[in-house]
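Asker: Just dropping this structure here.
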Amino acid sequence: MFDLYLDYIDRWSHGLWLTASMSTLSVLIGFLVALPIGFVRSRAKGPLAWLAIAYVNLFRGMPLLVLMFLVYYGFGQFNSELRAMGLWWFFRDAYFCGMLALVLNTSAYQAEIIRGSLDTISTSVIETNAALNLTRWTAFRRVLLPIAFAKALPPLGNEYILMVKATSLLAIITVFDLMGEARTIFSETLDLGVYYVAAIHYLVLVLAIEWTLRRVEARFKWMA
Amino acid sequence: MKTLFKMAAAATGLVVAGLASASAETLQIGTEGAYAPFNYVSENGEIKGFDIDMGNAICAEMKVECEWSVHDWGGIIPALNAHKFDFMVASMAITEARMENVSFSDPYYYNAMRFLAVKELALEEATPERLKGLVVGTQQGAVSVPVLDAYFPDSEHKLYPKMTEALMDLESGRLDLALFSQFTAGEWLAGSSGCCEFVGESFLMDGTIGAGIAFRKQDDELRNRVNAALKTIMDNGTYETIRAEYFDFDIMTKPPYVSELFDK
Amino acid sequence: MDHFRLLSFGDHGWGDELLIGLGVTLALAICTLPFAIILSFLVHWAKVSRYRMLRSFGMLYTTVFKSLPEILTLLILYYQAQAIIGWLIQSVIPGAHFSISPFVAGMISLSLVISAYGSEVVRAALGAVGNGQFEAAQSLGLSPRIAFIKVILPQLWRHALPGFGNLWIILLKDTSLVSVIALSELTHVAGLAITTTRQPFVFYGLIAVIYVLLVTLSATAQKRLERRVNLGFTRTET
């Protein structure tokens, strides 16, 4: 089995890099997208809140596989319209389409995590802020946000790991991450050991991320 | 406990449902189902195509019942070796690499491949120099992949799980070219929006002997029976009848090998 | 409109195939859930067992199935289990063979993955019920088995409901992955339809909506169930 790794080492490395980079990027971009949505979900009412609820339910409600197909092939069907709108350069590229699908998916989950972290701050904290006569903005910036961040860190870290696993679906739209390279090598060798090599890659990657996350979370635990 | 037993019974029932039934009278045939006009699934859920008609004719000749199932192309050889079906009629090219895992019947047609290109590119020929830097798509696990790797290394290759997905990308402009069987591509061209055209000659990968029916290596007896039936069909005109339904041209003449056309 | 013809039932439309695909999706999810739940309990008990081997096994199990992508688990299971079972059957009854259908392979691999997360749900729920209940049952002379079934379990599933409810939704969506090994569930049928009709947006859009509806229905049902089960126990609204 080791030779299955060594023979194709450049492919494995390329796949590993793609998996790691795409999952990290999608989580970060997804976080930025999720921030306003999570905030709206927690605080706002009315049509804006309904839009946020619709967004979250839509992208949490469909499987990521279907979303990837929809973004890549579904929008590919409208290539002439997209060309006219000057957007084709984005949808033409499988990497961008894959990123879009990943970001849409993770931002919906992260929005709920952010909402949850904002909503579960105990009322005593809020009352204390009022008692200290802090302005709403200062209270938010100095007290609530750090607490929310500390609360959100464990589930966000979990979401990061889920994204690493989610990238395994990208091969379906021709982006060859770790899983994609494994499938290619399997189709050439028909040796089941290929999938075990891939499994070891994922185990090592996820355990490494989890170890780092645990240490980061430990530093923020007191704030949650 | 009662519910546990009920669940165990249900589990056994489900597992038994997965048992392959292989009596001498009925044979299971595997195919891909995403490769029109050779094998595809129609609107009413039936598996149809040239391969299916051939398989059914062979079964009729052997006087057995045959049942069809579709499988993902990437795993179709493992599926055969795992006894999920008895033999495969899926336009699979006979290659030495594949013969390490399965055995083949005599070829039943020559599945030459040919480039499809977007018309705007106005390529008059499909040589490695001309295709330099262009994006070529093909199906993962197909014989076109080593051809592209060996003879067209300067083009960008994109691999798709299914042929139709690559063709969709050709139509939308994500691909400049696609390399597929001349016949399936021709079928697709006929129904397409007119975006694309054939470029260059058709050719076979070196060492392919044509498309064959695949068997498990230990099933020599079955292979001989099928070969005999195949020969009978080719001699008595059944093959011609089936072929004429799908193609106006002969599909048993051997096209040139890729090494005769291009240098590595 | 042309699109309606595509989706119609009968010979010219894919509507009936899609409906059957939906049925397979639901069947897969419904058949998998009980196994996943039972496995969750088993894995949890392994993790808190007296024997170190079992504890290590439980830890290894959850680590592996939480770290590997579901699709990898599915592929390994489908091909490896087939190879192992084929070999086993051959050594017992030469000449016979046994084939794992994609449905069963999907069931097993999804159960394994879901139970890795489910064991945590069980742990939290058992913690919420508390050890006191078990001790009280023991002091009444009930055997551990009876204590579990008659005392712990009825109290447990109220706490386990949200966790398992979420896992059910994850299970529903993960059935789409089994399309990769050619199980004719909803996503796979949509793919077949697109092969001939070349309308990816229509079909993928449609099944996306179907999944969202299924998930929303499940979430609503879960909320209703939670409210009903928690009557008299906790305040559901503040």
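Asker: Among the residues of segment B:137-168, how many are within 12 Å of chain A (Cβ to nearest Cβ) and either without any contact (Cβ under 8 Å) to a residue 12 or more places away in the chain or farther than 20 Å from C:Val180 by Cα (or both)?
Answerer: Residues in segment B:137-168 being within 12 Å of chain A (Cβ to nearest Cβ) and either without any contact (Cβ under 8 Å) to a residue 12 or more places away in the chain or farther than 20 Å from C:Val180 by Cα (or both): 9 in total.
Asker: Let me ask something else about it. Taking C:Thr63 and the conditions (1) touching a helix residue (DSSP H, G or I) at 6+ places or on another chain (Cβ under 7 Å); (2) within 14 Å of chain A (Cβ to nearest Cβ), which numbered condition does it fall short on, given that it satisfies the others?
Answerer: Answer for C:Thr63: the failing condition is (1).
Asker: Out of all the residues in segment B:237-252, is one or more among the aliphatic types (A, V, I, L, M), touching a Lys or Arg at 6+ places or on another chain (Cβ under 7 Å) and either crowded, with 18+ Cβ neighbours inside 10 Å or modelled with pLDDT under 85 (or both)?
Answerer: There is at least one residue in segment B:237-252 that is among the aliphatic types (A, V, I, L, M), touching a Lys or Arg at 6+ places or on another chain (Cβ under 7 Å) and either crowded, with 18+ Cβ neighbours inside 10 Å or modelled with pLDDT under 85 (or both).
Asker: Picking from A:Ala150, A:Ala130, A:Ala182, which residue would you name as being more than 14 Å from every other protein chain (Cβ to nearest Cβ), in a helix (DSSP H, G or I), touching a residue at least 60 places away in the same chain (Cβ under 8 Å) and aliphatic (A, V, I, L, M)?
Answerer: A:Ala150
Asker: Could you run through segment C:144-187 and say how many residues are buried (at least 19 other Cβ atoms within 10 Å of the Cβ), without any contact (Cβ under 8 Å) to a residue 24 or more places away in the chain and more than 10 Å from every other protein chain (Cβ to nearest Cβ)?
Answerer: Residues that pass the stated criteria total 1.
Asker: Also, quick follow-up: Got a number for residues in segment A:74-124 being touching an Asp or Glu at 6+ places or on another chain (Cβ under 7 Å) and either within 12 Å of chain C (Cβ to nearest Cβ) or hydroxyl-bearing (Ser, Thr, Tyr) (or both)?
Answerer: Looking only at that region, the number is 3.
Asker: Among (1) touching a Leu at 6+ places or on another chain (Cβ under 8 Å); (2) of a type in the set (Ser, Thr, Tyr); (3) surrounded by fewer than 16 Cβ atoms within 10 Å (Cβ to Cβ), where does A:Thr135 come up short?
Answerer: Against the list (1) touching a Leu at 6+ places or on another chain (Cβ under 8 Å); (2) of a type in the set (Ser, Thr, Tyr); (3) surrounded by fewer than 16 Cβ atoms within 10 Å (Cβ to Cβ), A:Thr135 comes up short only on (1).
Asker: Any idea which of (1) more than 10 Å from every other protein chain (Cβ to nearest Cβ); (2) of a type outside the set (Gly, Ala, Ser); (3) under 26 Å from C:Val180 (Cα atoms); (4) free of Cβ contacts under 8 Å to residues at least 40 places away in the same chain is the one B:Glu100 doesn't satisfy?
Answerer: Tallying (1) more than 10 Å from every other protein chain (Cβ to nearest Cβ); (2) of a type outside the set (Gly, Ala, Ser); (3) under 26 Å from C:Val180 (Cα atoms); (4) free of Cβ contacts under 8 Å to residues at least 40 places away in the same chain, B:Glu100 fails exactly one: (1).
Asker: Take the conditions more than 29 Å from C:Ser176 (Cα to Cα) and out of contact with any Lys or Arg (no Cβ under 7 Å at 6 or more places or on another chain) and apply them to A:Arg43. Does it pass?
Answerer: So A:Arg43 fits the description; yes.
Asker: Among helices (runs of 4 or more DSSP H) lying entirely in segment A:1-81, which contain 3 or more residues that are surrounded by fewer than 16 Cβ atoms within 10 Å (Cβ to Cβ) and not basic (Lys, Arg)?
Answerer: The qualifying helices (runs of 4 or more DSSP H) are A:2-7, A:9-43, A:47-61.
Asker: State all residues of segment A:185-224 that are within 8 Å of another protein chain (Cβ to nearest Cβ), touching a residue at least 12 places away in the same chain (Cβ under 8 Å) and aromatic (Phe, Trp, Tyr); if no residue qualifies, say none.
Answerer: Result: A:Tyr195, A:Tyr196, A:Tyr202.
Asker: Are any residues in segment B:209-264 among the acidic types (Asp, Glu), in a helix (DSSP H, G or I) and within 19 Å of the chain's Cα centre (by Cα), and if so, which ones?
Answerer: B:Glu245
Asker: Okay, moving on. May I ask you to list pairs of residues, at least six apart or on different chains, whose Cβ atoms are under 7 Å apart, with the first in segment C:39-58 being over 8 Å from C:Ser119 (Cβ atoms) and the second being surrounded by fewer than 19 Cβ atoms within 10 Å (Cβ to Cβ) and among the aromatic types (Phe, Trp, Tyr)?
Answerer: C:Ala46/C:Phe57
Residue by residue, here is whether (1) part of a helix (DSSP H, G or I); (2) modelled with pLDDT under 90 holds:
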{"site": "C:Trp45", "(1), (2)": "yes, no"}
{"site": "C:Gly58", "(1), (2)": "yes, no"}
{"site": "C:Tyr79", "(1), (2)": "yes, yes"}
{"site": "C:Ile85", "(1), (2)": "yes, yes"}
{"site": "C:Phe98", "(1), (2)": "no, yes"}
{"site": "C:Met107", "(1), (2)": "yes, no"}
{"site": "C:Leu110", "(1), (2)": "yes, no"}
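Asker: Kindly indicate which of B:Ala57, B:Ala79 is at pLDDT 90 or above and either over 22 Å from B:Met113 (Cβ atoms) or within 8 Å of another protein chain (Cβ to nearest Cβ) (or both).
Answerer: Being at pLDDT 90 or above and either over 22 Å from B:Met113 (Cβ atoms) or within 8 Å of another protein chain (Cβ to nearest Cβ) (or both) holds for just one of B:Ala57, B:Ala79, which is B:Ala57.
Asker: Right, another one. Which residues, taken from segment C:190-238, are modelled with pLDDT under 90, among the hydroxyl-bearing types (Ser, Thr, Tyr) and farther than 21 Å from C:Leu7 by Cβ?
Answerer: Within segment C:190-238, C:Thr234, C:Thr236, C:Thr238 qualify.
Asker: Of all residues in segment B:55-76, which are in a helix (DSSP H, G or I) and either out of contact with any strand residue (DSSP E or B) (no Cβ under 6 Å at 6 or more places or on another chain) or surrounded by fewer than 23 Cβ atoms within 10 Å (Cβ to Cβ) (or both)?
Answerer: B:Asn56, B:Ala57, B:Ile58, B:Cys59, B:Ala60, B:Glu61, B:Met62, B:Trp73, B:Gly74, B:Gly75, B:Ile76
Asker: Still on this model: How about segment B:186-201: which of its residues are hydroxyl-bearing (Ser, Thr, Tyr) and at pLDDT 85 or above?
Answerer: Correct list: empty.
Asker: I'm told B:Phe203 meets every condition in (1) touching a residue at least 40 places away in the same chain (Cβ under 8 Å); (2) over 21 Å from the mean Cα position of the chain (by Cα); (3) farther than 17 Å from B:Asp53 by Cβ except one. Can you identify the failing condition by its number?
Answerer: (2)
Asker: Find the residue count for segment C:194-208, including only residues that are within 8 Å of another protein chain (Cβ to nearest Cβ) and closer than 19 Å to A:Met68 by Cβ.
Answerer: Residues meeting the conditions: 10.
Yes or no, residue by residue, for (1) of a type in the set (Lys, Arg); (2) modelled with pLDDT of 90 or more:
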site	(1), (2)
A:Leu144	no, no
A:Ala150	no, no
A:Leu190	no, no
A:Leu203	no, yes
A:Arg219	yes, no
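The values are calculated or read from the model by the stated rules, or taken from the named source; none is laboratory data. Predicted model only: the values in this text are computed from it and were never measured. All Cβ positions, even for glycine, are placed from backbone atoms using ideal geometry, and neighbour counts span all protein chains on display.
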